[in-house]
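Report on one structure; see the data block that follows.
Throughout, read-outs are computed from the coordinates displayed, never taken from laboratory work. Every value quoted in this text rests on a predicted model; they were computed, and no experiment measured them. Cβ sites come from the backbone with ideal geometry, for glycine too, and all protein chains shown count toward neighbours.
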């Protein structure tokens, strides 16, 4: 599928096939300091298939190893920042706020924002948790933070703050605002609609999620009001998976893998081939992977592949997970929607294959993909999503 298949490995990786465990780090140079085989068709009732023989190859001493993600890998468009600037940044006041727009960025090009409006593990002088608005775009060309007391948290406050960002930075209000907390959906949606902005509930706020993790370590933990061990007030939902809607059914599926070089080709050709899907700015996220590294993925085939891909394209696809306890694959979309995407008969072999796939995904720092095709043996995709399975932010 969309590239060469690898040889089949019957068993999960043993100690002699250890995967190099990658750690995901945010590209801090962009952060401003505060100042396969054939399968039988799935039945319509539960999208199931016979036990899979997974075409999967695990890196060993004779195969390309996974590279550790480098925190300071900068893209070509990034501005080089002297190392001593980070030393100075560490001494900045953690109580200060940030309002920044890259001078080389055309303000009219910033059409989508990523937004979080939530409490922080910080107490004010009243002993109440401080709230914070954090806004950025996917490239971090726009970065904005502002603290609020807990007694002014409403849609009016948020609406006014978004207008302030637009006025202060000289950028138009965005066409879309992505956010990842279901508990804030009412406030954010109301504020956006009053401003003519489309609210998009989505965990594909990867720049924002990683920036919050960075801020936790560099800002919140240094704040004089920081409360160590404080749990997030609005924890992310992880609901029980629901039955898959009929329009999202496929007919065949397979665990697959592609060299990273092929992944890049698929992503770069999404627009020119008018293929549904979405990529990730791996340079921005600080991810460096060798071109020969094998990335795990899920291939789904359907005789109605194009309409299936079109439906999937409107779902803000987040991740795919192999749940070995239930013997199924779980598709996560939006912010709190999880579907039983496919099922398989639990056997020692299928369990090992699912565990191997999850292990490969973990070794890639959560990087994986979903491909939709008309046939599993085809070299072309009609839908391709590069996905990153991230843990929830610490706030």
Review point. Where the centroid of each part is defined by its Cα atoms, how far is the range 265-309 from the range 148-219 in Å?
Key: 28
**Study point:** Net length gained if the chain between residue 160 and residue 198 were fully extended (0.36 nm per residue, minus Cα distance)
**Key:** 12.0 nm
Revision key, fill the gap. P(r) over all Cα-Cα pairs of the range 182-289, 5 Å bins from 0 to the longest distance, whole percent per bin, short to long, reads 2, 7, 10, 13, 16, 18, 16, 10, 6, 2, 0, 0
**Study point:** Pairwise label distance in nanometres, residue 303 with residue 183, each label 7 Å out on the Cα-Cβ vector
**Key:** 4.8
Exercise for review: Using a cut-off of under 13 Å, list every residue of the range 321-344 whose amide N is near the label point 7 Å from the Cα of residue 355 along the Cα-to-beta-carbon line.
Suggested key: 324-325
Exercise for review: Can you tell me the FRET efficiency between residue 176 and residue 95 if r is taken as the Cβ-Cβ distance and R0 is 35 Å, rounded to the nearest 0.05?
Suggested key: 0.70
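Which order do peptides 203-213, 271-281 fall in by mean Cβ count within 10 Å, highest first? Present the calculation step by step, with values, prior to reporting the outcome.
On the way: 203-213: 23.5, 271-281: 15.2.
Those peptides, ordered most packed to least, come out 203-213, 271-281.
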Check your understanding: Can you give the translational diffusion coefficient of the range 105-262 in µm²/s, computed by Stokes-Einstein from the Kirkwood radius over Cα pairs at 10 °C and 1.306 mPa s?
Key -> 90
Review point. With the calculation restricted to Cα positions, what are the radius of gyration and Dmax of the range 290-338 in angstrom?
Key: 13.3, 34
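Normalised by the number of residues in the range 210-308, what is the relative contact order in percent for Cα pairs under 8 Å and 6+ residues apart? Can you show the working numbers first?
Working: 63 pairs, mean separation 36.9, N = 99.
It rounds to 37 percent for the range 210-308.
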Review point. Relative to the present Cα-Cα distance, how much length would full extension add between residue 242 and residue 292 at 0.36 nm per residue of separation?
Key: 14.4 nm
Review point. Hey, got the Cα dimensions of the range 278-395 along the principal axes, in Å, largest first?
Key: 37, 34, 34
Review point. Taking every DSSP beta bridge that has both residues in the range 95-193, what percent is antiparallel when rounded to the nearest 5?
Key: 85
Exercise for review: Report the paramagnetic label zone for residue 265: residues of the range 368-385 whose backbone N is under 18 Å from a point 7 Å from Cα along the Cα-to-Cβ axis.
Suggested key: 369-385
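Please list 292-305, 165-178, 216-229 highest first by mean number of surrounding beta-carbon atoms within 10 Å per residue.
Put in order of decreasing packing, that is 292-305, 165-178, 216-229.
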